Amino acid sequence: MSQKNISLPYTAIGGYIVDLEVNSDLRVFSQNCNVDVYGAILDVYFEKMPNPSVPIIAVSGTIGKSTVLQIIRYIFQRCGVEVTIDSEIENFYLKSISDNSDIKLIEFNPTSVIEEIEIEPFVGIITNTLDNSQIERNILFSRSIKENGYLVLNATDPFKYLYSNKVKCKTIFTSAKSDNPDLLAHIELRKPCVYLEDDTITIFDGDETFGFCSIKEIPYSYDGRLKFAIENILQVVAALYFYSVDPEIIYRYLIEYKNDSHQNPGKFNIFDINGVKVVIDDIQKKEHIKILVENLEKIGINKLLFVCDQSKKGVVDFIEDRERIIYKEVKTFKDVVELFSTAMNRAKKGEGIFIILPEPLNRDVTYEIRESLVKRKKNFV
């Protein structure tokens, strides 16, 4: 920015120190054509910053990021709060985020190596670390949180102490088991925690402990049986409670959340079609699919047919019965429809179909199935 009174420090008024070597031809062109060439150069190198007063809640980790953000967005929106979610931030800079929201929700999922983070979330959540390549990114993410903010960590994350030792903010541990040794140590140190004890979500704020609600009251937990959903819910409660959202508000809208095709399309949506449970997700790694399969077994979806693109059949090669894998090269949406039709014709009542497709195909299939069921006046999960 330009400043007439150069005696004022740029740290107080904002701006940059720039060493720009002027090219005479460029200067002449700028003057003769009345074009602000230098302003354009500065715009390229220095992104316009958003309103720093708008609070940010950001999520990092391996799996569960988008779902955690969707739950938080749902609760805020039900309160009438204007919220935006951004998951396509190049180098985690804010150039693509508008300033119209009351709260910004950001999914930290950089596709390239980054060395710094420009934003300062008030609340940061690391869902889990299932991929060692994410450790350095999560450390960088942890360091970005405001000093008066909070970092929410899963007590089962093997790298939680590595992250917590890098921050100046307060750390919150979450755990689906109240006897987790690291959780107990955190409580002993009078540090905040949110955990499950005898099916009750329990909050320890550093001074007092109180029960929030039964996990079974929240539909997304599938009667308290869906492990990764429970972990997501605990982290949502931790983030919102310590963000100072009224617990009654959190409870009121959390018990509405189902993670269905309206609330989180294409992300672990489950439909019931003539007694066949159809599961849709965009997860693309073998280890993560195994986790989902184990969780599906806990809610009674045991015998699965797997539907995927031919190029992705390797992610389900751990399935012993190869006849239960249906695949073909997907070039158009018609190919997806044919795959799904083949699976439905083969599946028996009481079995399940797991459709594994990347975005946006996962959402497209979700919409098609949902609209088809609505037309047929069928119920879906």
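Being farther than 22 Å from Ile72 by Cα and either in the same structural domain as Val81 (by TED's automatic domain parsing) or not in a helix (DSSP H, G or I) (or both) is the requirement here; does Phe340 meet it? Break it down stepwise before answering.
Details: farther than 22 Å from Ile72 by Cα: yes; either in the same structural domain as Val81 (by TED's automatic domain parsing) or not in a helix (DSSP H, G or I) (or both): no.
No, not satisfied.
Filter the stretch 111-145 down to residues that are small (Gly, Ala, Ser) and modelled with pLDDT under 95 and give me whichever is nearest to Ile233 (Cα to Cα). Before you say what the answer is, go through the steps one by one.
Let us first name the residues in the stretch 111-145 that are small (Gly, Ala, Ser), namely 112, 124, 133, 142, 144.
The next check asks that each one be modelled with pLDDT under 95; those that pass are 112, 133, 144.
Details: Ser112: 29, Ser133: 25, Ser144: 24 Å.
If we take residues in the stretch 111-145 being small (Gly, Ala, Ser) and modelled with pLDDT under 95, then Ser144 is nearest to Ile233 (Cα to Cα).
(1) surrounded by fewer than 18 Cβ atoms within 10 Å (Cβ to Cβ); (2) under 25 Å from the mean Cα position of the chain (by Cα): which one isn't true of Lys375, the others all being true?
(2)
Among the residues of the stretch 308-321, is there at least one that is at positive phi and surrounded by fewer than 16 Cβ atoms within 10 Å (Cβ to Cβ)? It would help to see each step written out before you state the result.
Residues of the stretch 308-321 at positive phi: none.
No, the stretch 308-321 has no match at all.
Please tell me if Ile203 is under 30 Å from Glu118 (Cα atoms) and touching a helix residue (DSSP H, G or I) at 6+ places or on another chain (Cβ under 8 Å).
Details: under 30 Å from Glu118 (Cα atoms): no; touching a helix residue (DSSP H, G or I) at 6+ places or on another chain (Cβ under 8 Å): yes.
Considered against the rule, which asks whether it is under 30 Å from Glu118 (Cα atoms) and touching a helix residue (DSSP H, G or I) at 6+ places or on another chain (Cβ under 8 Å), Ile203 comes out as no.
Which pairs do you get when a residue that is in the same structural domain as Ser214 (by TED's automatic domain parsing), found in the stretch 252-263, comes within reach of a residue that is modelled with pLDDT under 95 and buried (at least 18 other Cβ atoms within 10 Å of the Cβ), reach meaning Cβ atoms under 6 angstrom, with the pair 6+ apart or on two chains?
none
Select from the stretch 162-181 the residues that are farther than 27 Å from Glu217 by Cβ and in contact (Cβ under 8 Å) with a residue 12 or more places away in the chain and list them in ascending order.
Our first condition is that a residue be farther than 27 Å from Glu217 by Cβ; within the stretch 162-181, this holds for 162-171, 181.
Scanning the stretch 162-181 gives Leu162, Tyr163, Ser164, Lys166, Val167, Lys168, Cys169, Lys170, Thr171.
Of everything in the stretch 132-163, what is surrounded by fewer than 20 Cβ atoms within 10 Å (Cβ to Cβ) and more than 12 Å from Ser60 (Cα to Cα)? Give them in sequence order.
Within the stretch 132-163, the subset surrounded by fewer than 20 Cβ atoms within 10 Å (Cβ to Cβ) is 132-133, 135-136, 139-140, 143, 146-148, 156, 158-159, 161-162.
Result: Asn132, Ser133, Arg143, Lys146, Glu147, Asn148, Thr156, Pro158, Phe159, Tyr161, Leu162.
Can you tell me which residue is surrounded by the most Cβ atoms within 10 Å (Cβ to Cβ) among those in the stretch 337-372 that are in contact (Cβ under 8 Å) with a residue 40 or more places away in the chain and polar (S, T, N, Q)?
Within the stretch 337-372, the match that is surrounded by the most Cβ atoms within 10 Å (Cβ to Cβ) is Thr366.
Considering only the stretch 319-334, state which residues are under 23 Å from Lys290 (Cβ atoms) and part of a helix (DSSP H, G or I).
If the condition is that a residue be under 23 Å from Lys290 (Cβ atoms) and part of a helix (DSSP H, G or I), then Arg322, Glu323, Arg324 are the ones that fit.
Scan Leu304, Leu296 and give me the residue that is crowded, with 17+ Cβ neighbours inside 10 Å and either aromatic (Phe, Trp, Tyr) or within 15 Å of Ser221 (Cα to Cα) (or both). Steps first, answer last, please.
Values: Leu304 fails: either aromatic (Phe, Trp, Tyr) or within 15 Å of Ser221 (Cα to Cα) (or both).
None of the other options fit; the residue is Leu296.
Do we have any residue at all in the stretch 227-237 that's out of contact with any Ser or Thr (no Cβ under 8 Å at 6 or more places or on another chain), assigned by TED's automatic domain parsing to the domain that holds Ser175, surrounded by fewer than 22 Cβ atoms within 10 Å (Cβ to Cβ) and of a type outside the set (Asp, Glu)?
For the stretch 227-237, residues out of contact with any Ser or Thr (no Cβ under 8 Å at 6 or more places or on another chain), assigned by TED's automatic domain parsing to the domain that holds Ser175, surrounded by fewer than 22 Cβ atoms within 10 Å (Cβ to Cβ) and of a type outside the set (Asp, Glu): present.
The values are calculated or read from the model by the stated rules, or taken from the named source; none is laboratory data. The model shown is predicted, which means the values in this text are computed figures rather than measured ones. Quick reminder, even Gly has a Cβ in these numbers, built from the backbone with ideal geometry, and neighbours come from all protein chains shown.
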